[in-house]
Amino acid sequence: MENMKIDLPVVALRGLTVLPEMIIHFDLSREQSKAAVEYAMQEGQQIFLVAQRNPQVEKPDMKALYEIGTIARVKQITRLPNQLNRVLVEGVSKARLIELQTDREFLWGTLERIEDSALEIDEYEEEAMLRSLRDVFDTYVKYYPKVGKTIGRYFQTKHPLGFVLNQMAINIPFTYEQRQSFLEEPDIRSAGERMLAMLINEAQVASIRAQLAGKVKEKVDKNQKEYILREQMNCIRAELGDKDSASDAEQFEEALSKLKADKEVKEKLKKEINRFKHLSPASSESAVERMYIETLLELPWKQSTKDSNDLQKAEEILNRDHYGLDKVKERILEFLAVRSLTCKGEAPILCLVGPPGTGKTSIARSVAASLNKKYVRICLGGVRDEAEIRGHRKTYVGAMPGRIIEGIQQAGVNNPLMLLDEIDKVSSDHKGDTSAALLEVLDPEQNCRFRDHYVELPFDLSEVLFIATANDAGSIPKPLLDRMEIIEVTSYTANEKFHIAKEHLVAKQLSKNGIKTEQLSISDSALKEVIASYTREAGVRSLERQIGAICRKAARAIVAPEKKAARTIKITTQNLEKYLGKPKYRADKANETDEVGIVRGLAWTSVGGDTLQIEVNVMPGKGDIELTGKLGDVMKESAKAGISYIRSVSDEYGIEAEYFKEHDFHIHIPEGAVPKDGPSAGITMATAVLSAITGIPVNCKVAMTGEITLRGRVLAIGGLKEKLLAAKMAGITKVLVPMENEKDVEEISAEIKSGMEICFVERMDEVIAHAFVENTVAKRKSVVQRRKKA
């Protein structure tokens, strides 16, 4: 046998083995395989095809491939959608892979061509092998007659043994591992023995499969026979008047007679029950019909609870369960007052928007208690299938009602309070838009005839009191937002957190951890220290966890044998670290000294307000502007707008025109890992840049927020309560706020504004006058005036 070495591009096949004389097409998705085929098509059309040992390997090396493969000729390449290429090839000859190069655009291999074996078998041995193959093949064909038509003709005429073996390996549906083992046989005798073994194995498997199929058929026939006999027995009993207990259909009819519903619903149910009677109990359709009828019977079509109209009791419950949240409470009491006057009152559709942990979800439960309504919570976070809201059509396997009807069914009345939690977290995909399905649910003009796909009958949702919660109203689609009454639930102040902890959270955690009030006491100063040094959030979830940690450590101390003598454990600021460890947060205090190029800004975050210290350095350069601190696009544009304004008023501060061409400006906001964006730091950055250029220090007790325009106007911003709260906690004494936000400041409680001077500004001139140290500004202006006179 003469072996020849050649170099060819290599394609690693997953779950496929190509044999010599085999014409086959297959799809390629890997880029290196596509590149190899394209190269082969241009350079002689020859390529080496070899199977992978493990089809899951994405980038195979020499060890991941079988040693023996097939040199093939590429006949055609067809490009398909989804970046697939379909390749038609014809196997030419066997080859052994000697070396594989993986550093190219595609796999490249050095091969050793394996010519037909020189080992000859005599004609008697060849005839014996052919007859053995024919006998086993005849047995195999009994189970796979289609294969027999293809290969049977090769046994009817005289053909070489090697040709017959190849045709059998190609046309019989062997696995790629079996074909690979046949390909790797060194000579015709061992290849024939391998084919005999594989055929015998396949014939035995087919025989066992046929026996199993026969047994299954016998069982099915037996079940059908039993069914016919059972039906005949039922007919005989009916003729004899021998009636069993009430059937399911009779129970449904009895429930229908007691059901309070419209005529349309009852007629539909009656029709479905009659259909159910004629279905076989063993059929899958019977189970589907049964579930549908049970769902319709369980729905509270006309069942409702009598709502409470007692305003005083409702107010007591709301104030007992929650501290603050005045706007929510006021709106619920207004609804009660209107309904007591009109005897009906349209149920409002409210949306509570605010940071996490501010009591949006828990207030809904209190509202339900104050109105004497059933409470149902539906979490919409991550829901992206429209069928979750409207239900699946009952023709589908496993169909069920949507979450709205399911919630009504769970409540058992048609006028519950339904909480749509995390409505801003719904999404959409190819199965439909969830927010679009909610449009009908939350529209008072349409939801009186809400039609679920599964129920297929209109259901009145107009009596349901919907309350939705969201963290960010901006992510709610506008048509859906338009259907809801938005109530903003803002961050809690430190004083509000203290009252919530003292009046609600401490008692809750004591009860949860099995501690009596006389066994543990937490001083007011310790609670305030926990709020200031161990939590930083808009709500009170983290605060509750810290109080829970104190209670757990106290519980361990109470049950410890050496501590049982102690009557009461007292938590004060002196021993607080023993229970909670070192303080986690430090107050972001204002600077002690006035500095050049450093200004304190105010920001809103999802967990409340924060202060930002904006720093600016000016260096000799070419007029470049460097912005660092993980700033968003809007914030970068605000910085550029501020610098443009400063350039326009440079004469007033004695800044040379060439100054901006000969110096670089670097604006940095610390905490570089935290993303920052928004226009509200515009005046802050402009003030810091002007301070750095002129050398005038900025008052360290001044903080500011506002958007800047090219002409120096100061525009309104949002999140003012949180920003003022952050300024107060940082020890700021003067805050600059846009004039357009004056109405918002009036709504903020005096507790937050106390101790701070809030100055309203309309232009950057006013901002600079408040922010710059006064005596330095006066000196600077006198110098500028002397220069102008000169």
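Residue under question is Asp443, and the condition is that it be under 30 Å from Leu311 (Cβ atoms), in a loop (DSSP other than H, G, I, E, B), free of Cβ contacts under 8 Å to residues at least 60 places away in the same chain and open to solvent by 10 Å² or more (accessible area, probe 1.4 Å); does it hold?
yes
Conditions (1) surrounded by 14 or more Cβ atoms within 10 Å (Cβ to Cβ); (2) out of contact with any Lys or Arg (no Cβ under 6 Å at 6 or more places or on another chain), marked per residue:
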residue	(1), (2)
Glu58	no, yes
Asp61	no, yes
Ala72	yes, yes
Gln76	no, yes
Pro81	no, yes
Asn85	yes, no
Leu88	yes, no
Ala95	yes, no
Glu105	no, yes
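One line per residue, one yes/no per condition, for (1) in contact with a strand residue (DSSP E or B) (Cβ under 7 Å, 6 or more places away or on another chain); (2) over 23 Å from Gln83 (Cβ atoms); (3) aliphatic (A, V, I, L, M); (4) not in a loop (DSSP other than H, G, I, E, B):
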position: Lys5; (1), (2), (3), (4): yes, yes, no, yes
position: Leu8; (1), (2), (3), (4): yes, yes, yes, yes
position: Val11; (1), (2), (3), (4): yes, no, yes, yes
position: Glu21; (1), (2), (3), (4): yes, yes, no, no
position: Asp27; (1), (2), (3), (4): yes, no, no, yes
position: Ser33; (1), (2), (3), (4): yes, no, no, yes
position: Ala40; (1), (2), (3), (4): yes, no, yes, yes
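Counting just the residues of the range 696-728 that are within 35 Å of the chain's Cα centre (by Cα) and surrounded by fewer than 19 Cβ atoms within 10 Å (Cβ to Cβ), which one comes out nearest to Glu762 (Cα to Cα)?
Step by step, filter the range 696-728, then rank; the result is Ala716.
Which numbered condition trips up Ser462, out of (1) small (Gly, Ala, Ser); (2) within 22 Å of Ser366 (Cβ to Cβ); (3) part of a loop (DSSP other than H, G, I, E, B)?
Checking Ser462 against (1) small (Gly, Ala, Ser); (2) within 22 Å of Ser366 (Cβ to Cβ); (3) part of a loop (DSSP other than H, G, I, E, B), the one that fails is (2).
I'd like to verify a number: residues in the range 465-476 that are open to solvent by 10 Å² or more (accessible area, probe 1.4 Å) and either part of a loop (DSSP other than H, G, I, E, B) or not small (Gly, Ala, Ser) (or both), how many?
2
Give the residue, chosen from Glu577, Glu537, that is exposed (fewer than 14 other Cβ atoms within 10 Å of the Cβ), acidic (Asp, Glu) and at pLDDT below 90.
After ruling out the rest, the residue left standing is Glu577.
State which residue pairs qualify: first residue touching a residue at least 40 places away in the same chain (Cβ under 8 Å) and inside the range 749-763, second residue surrounded by 16 or more Cβ atoms within 10 Å (Cβ to Cβ) and in a loop (DSSP other than H, G, I, E, B) in any location, beta carbons under 9 Å apart, and separation of 6 or more residues or different chains.
Here the result reads Ser749/Thr493; Glu751/Thr493; Ile752/Thr493; Val761/Gly706; Arg763/Gly712, each pair linking the range 749-763 to a residue that is surrounded by 16 or more Cβ atoms within 10 Å (Cβ to Cβ) and in a loop (DSSP other than H, G, I, E, B).
Just a yes or no: is a residue in the range 384-396 in a loop (DSSP other than H, G, I, E, B), among the small types (Gly, Ala, Ser) and either at negative phi or open to solvent by less than 10 Å² (accessible area, probe 1.4 Å) (or both)?
Yes, that holds for at least one residue.
Only residues that are open to solvent by 10 Å² or more (accessible area, probe 1.4 Å) and either in contact with a helix residue (DSSP H, G or I) (Cβ under 8 Å, 6 or more places away or on another chain) or closer than 13 Å to Ile332 by Cα (or both): list them for the range 360-372, please.
Result: Ser362, Arg365, Ala369, Asn372.
Among the strands (runs of 3 or more DSSP E) lying completely within the range 570-638, list those that include at least 3 residues that are in contact with a Leu (Cβ under 7 Å, 6 or more places away or on another chain), under 30 Å from Gln519 (Cα atoms) and among the aromatic types (Phe, Trp, Tyr).
Because the criterion is at least 3 residues that are in contact with a Leu (Cβ under 7 Å, 6 or more places away or on another chain), under 30 Å from Gln519 (Cα atoms) and among the aromatic types (Phe, Trp, Tyr), no strands (runs of 3 or more DSSP E) in the range 570-638 meet it.
Would you please name the residue that is least open to solvent (accessible area, probe 1.4 Å), looking only at residues in the range 650-680 that are more than 19 Å from Val767 (Cβ to Cβ) and assigned to a helix (DSSP H, G or I)?
Looking at residues that are more than 19 Å from Val767 (Cβ to Cβ) and assigned to a helix (DSSP H, G or I), I get Phe660.
Please verify whether the range 547-554 includes one or more residues that are open to solvent by 90 Å² or more (accessible area, probe 1.4 Å), farther than 29 Å from Leu325 by Cβ, at pLDDT below 85 and not hydrophobic (A, V, I, L, M, F, W, C).
no
Can you name every residue in the range 302-320 that is within 23 Å of Thr490 (Cα to Cα) and either open to solvent by 50 Å² or more (accessible area, probe 1.4 Å) or not in a helix (DSSP H, G or I) (or both)?
Glu315, Glu316, Asn319, Arg320, listed by residue number.
Check off (1) more than 39 Å from the chain's Cα centre (by Cα); (2) of a type outside the set (Gly, Ala, Ser); (3) part of a helix (DSSP H, G or I); (4) at pLDDT 85 or above for Glu562 and give me the number that stays unchecked.
So the condition that Glu562 fails would be (4).
Of the numbered conditions (1) open to solvent by less than 50 Å² (accessible area, probe 1.4 Å); (2) at pLDDT 85 or above, Leu130 satisfies every one except a single condition; which is it?
The failed condition is (2).
When the range 712-730 is examined, which residues are found to be touching a helix residue (DSSP H, G or I) at 6+ places or on another chain (Cβ under 7 Å), in a loop (DSSP other than H, G, I, E, B) and over 18 Å from Pro355 (Cβ atoms)?
Gly712, Ala716
Among residues belonging to the range 589-605 that are out of contact with any Cys (no Cβ under 9 Å at 6 or more places or on another chain) and open to solvent by 50 Å² or more (accessible area, probe 1.4 Å), point out the one that is modelled with the highest pLDDT. Don't jump to the end; show me each part of the working.
Narrowing the range 589-605 to residues out of contact with any Cys (no Cβ under 9 Å at 6 or more places or on another chain): 589, 596-597, 599, 601-605.
Keeping just the survivors that are open to solvent by 50 Å² or more (accessible area, probe 1.4 Å) gives 589, 596, 604.
Numbers: Lys589: 71, Val596: 90, Trp604: 78.
Checking each candidate, the answer is Val596.
I'd like to verify a number: residues in the range 254-301 that are open to solvent by 80 Å² or more (accessible area, probe 1.4 Å) and in a helix (DSSP H, G or I), how many?
Final tally of qualifying residues: 14.
Looking at (1) surrounded by 20 or more Cβ atoms within 10 Å (Cβ to Cβ); (2) more than 26 Å from Gly359 (Cβ to Cβ), find the lone condition where Ala436 falls short.
Of the numbered conditions (1) surrounded by 20 or more Cβ atoms within 10 Å (Cβ to Cβ); (2) more than 26 Å from Gly359 (Cβ to Cβ), the odd one out for Ala436 is (1).
Six or more apart or on different chains, Cβ atoms under 9 Å: show the pairs whose first residue is in the range 464-479 and touching a residue at least 40 places away in the same chain (Cβ under 8 Å) and whose second is of a type in the set (Lys, Arg).
Pairs that qualify, where the first residue is touching a residue at least 40 places away in the same chain (Cβ under 8 Å) and the partner is of a type in the set (Lys, Arg), are Leu465/Lys373; Ile467/Lys360; Thr469/Lys360; Ala470/Lys360; Ala470/Lys425; Asn471/Lys360; Asn471/Lys425; Ser475/Lys425.
Restricting attention to the range 10-56, which residues are β-branched (Val, Ile, Thr) and surrounded by 14 or more Cβ atoms within 10 Å (Cβ to Cβ)?
Our first condition is that a residue be β-branched (Val, Ile, Thr); within the range 10-56, this holds for 10-11, 17-18, 23-24, 37, 47, 50.
Within the range 10-56, Val10, Val11, Thr17, Val18, Ile24, Val37, Ile47, Val50 meet the criteria.
Pairs, please: C-beta under 6 Å, at least 6 apart or cross-chain, first residue open to solvent by less than 30 Å² (accessible area, probe 1.4 Å) and in the range 485-509, second small (Gly, Ala, Ser)?
Val489/Gly354; Ser491/Ala538; Ser491/Gly608; Gln509/Gly548
Got a sec? Which of Ile752, Ile758, Ile693, Ile683 is outside any helix (DSSP H, G or I) and crowded, with 16+ Cβ neighbours inside 10 Å?
Exactly one residue qualifies, and that residue is Ile758.
Condition first: under 30 Å from Pro9 (Cα atoms) and in contact with a Leu (Cβ under 9 Å, 6 or more places away or on another chain). Now tell me which residues in the range 100-146 satisfy that. Break it down stepwise before answering.
Here is the first cut: in the range 100-146, the residues under 30 Å from Pro9 (Cα atoms) are 100-118.
Those that are under 30 Å from Pro9 (Cα atoms) and in contact with a Leu (Cβ under 9 Å, 6 or more places away or on another chain): Leu100, Gln101, Leu107, Trp108, Gly109, Thr110, Leu111, Glu112.
What are the residues in the range 178-194 that are farther than 11 Å from Met129 by Cα and touching a residue at least 24 places away in the same chain (Cβ under 8 Å), if any?
Once the filter is applied, which keeps residues that are farther than 11 Å from Met129 by Cα and touching a residue at least 24 places away in the same chain (Cβ under 8 Å), the range 178-194 yields Arg179, Gln180, Phe182, Leu183, Glu184, Pro186, Asp187.
The values are calculated or read from the model by the stated rules, or taken from the named source; none is laboratory data. Note that the structure is predicted; figures quoted are calculated from it, not measured. Note that we place each Cβ from the backbone using ideal geometry, even for glycine, and neighbour counts take in every protein chain shown. Accessible surface areas use protein heavy atoms only, side chains included; no ligands, DNA or RNA. Shrake-Rupley method; radii C 1.70, N 1.55, O 1.52, S 1.80 Å.
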